[in-house]
Amino acid sequence: MRRRIKRKNRRRTKRINPIFVLILFVVLIFFTPKFVSTARYVYNIVHEYYLSSKDFYFSSDKLSINHTEYEITNNWSGAETYLITVNMSSKKNDMAFTESDISYNITYTCSENISCSLNKTSSTIIGTGNNGVNEDSFTISINPAGGSALSEGELAWVDIVATSTSPYSQTISGKLILEVGSSDITYEIIDTANQPYLTVNITNSQSVGANVKLSYNPETVLLDMTGKFYLNSTNNTTQQINGFDYLNSVTSFVESLSTTTVKFYKVDSTQNYSFNSMSTGTPVILLSQTQ
């Protein structure tokens with residue numbers, strides 16, 4: 001007589017699909033803050049590359065696709081109106097530029113210890129197709145909030161967003177951080193590589209006006225002779241290059257509690273001559289106070 005051997009019921013376990021696990025893992029990683037930040041950075045780079053393939057360039061000396069933090073130190077006394085010029089561009093270099101006009105909007109927020117305003121909230125960068133130079137700018141006016149001067153070393157900030165609306169949409173942004181400095185005459189050089197010009201911001205935080213002298217090598221930079229700093233200048237000096245006279249220093253009056261912007265054209269546009277109080281080395285333009 002044969003015995004029937006009863007087989008034990010084996011409990012079946014459900015096998016998890018490895019593809020499902022992989023997808024779940026990717027989703028979880030994607031939604032972590034660090035990954036989101038990295039993914040956004042990569043997306044911005046890819047999007048910018050795509051737009052450049054369409055000959056679309058939308059950039060600035062103080063804003064970027066990945067939210068630049070731009071520090072300005074010792075250039076503001078914290079009492080007077082402080083002006084910041086943001087330069088906009090629709091070209092990569094002299095060989096790569098946008099022919100069509102680029103319309104864009106500007107928004108901003110600022111820290112509670114200051115009040116801010118823009119000279120315009122929308123503008124257009126005129127392209128070469130309409131005889132433009134692919135350049136534009138806007139100005140931010142900053143004042144201490146409530147009429148009370150800020151203390152030396154105190155920080156204030158302005159967060160700016162510029163978004164193009166046509167022919168393509170792109171957003172660039174940045175946070176401008178100001179540190180209140182001592183009462184003196186200070187300056188900074190604002191520049192980026194592949195930009196044909198630079199600007200010098202001179203801030204007089206003293207209670208009286210002063211004569212300020214800018215000295216430079218005309219084989220490196222050339223003064224914009226259409227600006228007020230040159231038109232109101234005195235006691236300028238020149239040097240000869242190949243039989244021609246070129247300005248190598250210019251002296252002009254800077255009002256008390258004010259900021260003056262001076263424009264220079266670069267002989268080599270690929271260079272970046274940025275300089276501020278935190279920089280090391282010798283600046284391409286030297287400032288001195290004269291009687």
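Laboratory data are not the source of any read-out in this text; all were calculated from the coordinates shown. Given the structure is predicted, the values throughout are model-derived calculations rather than measurements. Cβ: placed from backbone, ideal geometry, glycine included. Neighbour counts: every protein chain shown.
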request  = Sequence neighbours fewer than 8 away in the same chain don't count; with that in mind, list the aspartates and glutamates whose C-alpha is under 19 Å from LYS228.
outcome  = ASP136, GLU188, GLU255
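Can you put LEU231, LEU150 in order, fewest other beta carbons within 10 Å first?
Exposure proxy ranking, most exposed first: LEU231, LEU150.
How large is the Rg to Rh ratio of the stretch 58-182 when both quantities use alpha carbon positions and Rh follows Kirkwood?
Working: Rg = 15.8 Å, Rh = 15.3 Å.
My calculation puts Rg/Rh at 1.04.
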query = So what's the projected area for the stretch 221-275, the Cα convex hull averaged over all directions, in nm²?
reply = 4.9
query = From the phi of every residue in the stretch 87-103, what ³J(HN,Hα) in whole Hz does the Karplus formula 6.51 cos²θ - 1.76 cosθ + 1.60 yield, where θ is phi - 60° and glycine or proline is x?
reply = 8, 10, 9, 10, 9, 8, 7, 5, 9, 10, 8, 9, 7, 7, 6, 10, 8
request  = Please list the non-local residues whose amide H lies under 5 Å from the amide H of SER122, H modeled 1.01 Å from N, same-chain partners needing a gap of 5 or more.
outcome  = ILE106
request  = Return the sequence-ordered ³J(HN,Hα) values of the stretch 57-64 in whole Hz as given by the Karplus equation 6.51 cos²θ - 1.76 cosθ + 1.60 applied to θ = phi - 60°, using x for Gly and Pro.
outcome  = 10, 9, 9, 7, 7, 10, 10, 8
message = Let's see if you can work this out: charge +1 on each Lys and Arg Cβ, -1 on each Asp and Glu Cβ, no other charges. What is the dipole magnitude of the stretch 129-220 about its Cα centre, in debye to the nearest 20?
response = 160
request  = Arrange PHE229, PHE97 by Cβ neighbour counts within 10 Å, fewest through most, would you?
outcome  = PHE97, PHE229
ask   = Given R₀ = 25 Å, FRET efficiency for ASN242-SER279 by Cβ-Cβ distance, to 0.05?
value = 0.20
ask   = Which whole-angstrom value gives the distance between the alpha carbon centres of the stretch 202-236 and the stretch 71-135?
value = 22
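With respect to the cross-link table entries LYS62/LYS213; LYS91/LYS120; LYS91/LYS213; LYS175/LYS213; LYS120/LYS213; LYS54/LYS263, which display a Cα-Cα separation exceeding 28 Å? It would help to have the intermediate numbers written out before the result.
Working: LYS62/LYS213 26 Å; LYS91/LYS120 22 Å; LYS91/LYS213 32 Å; LYS175/LYS213 31 Å; LYS120/LYS213 32 Å; LYS54/LYS263 31 Å.
Check vs 28 Å cut-off fails for LYS91/LYS213; LYS175/LYS213; LYS120/LYS213; LYS54/LYS263.
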request  = Please work out whether the stretch 183-291 counts as rounded, prolate or oblate from its C-alpha gyration tensor, where a ≥ b ≥ c are the square roots of the eigenvalues and a/c under 1.5 means rounded, while otherwise a/b larger than b/c means prolate and anything else oblate?
outcome  = oblate
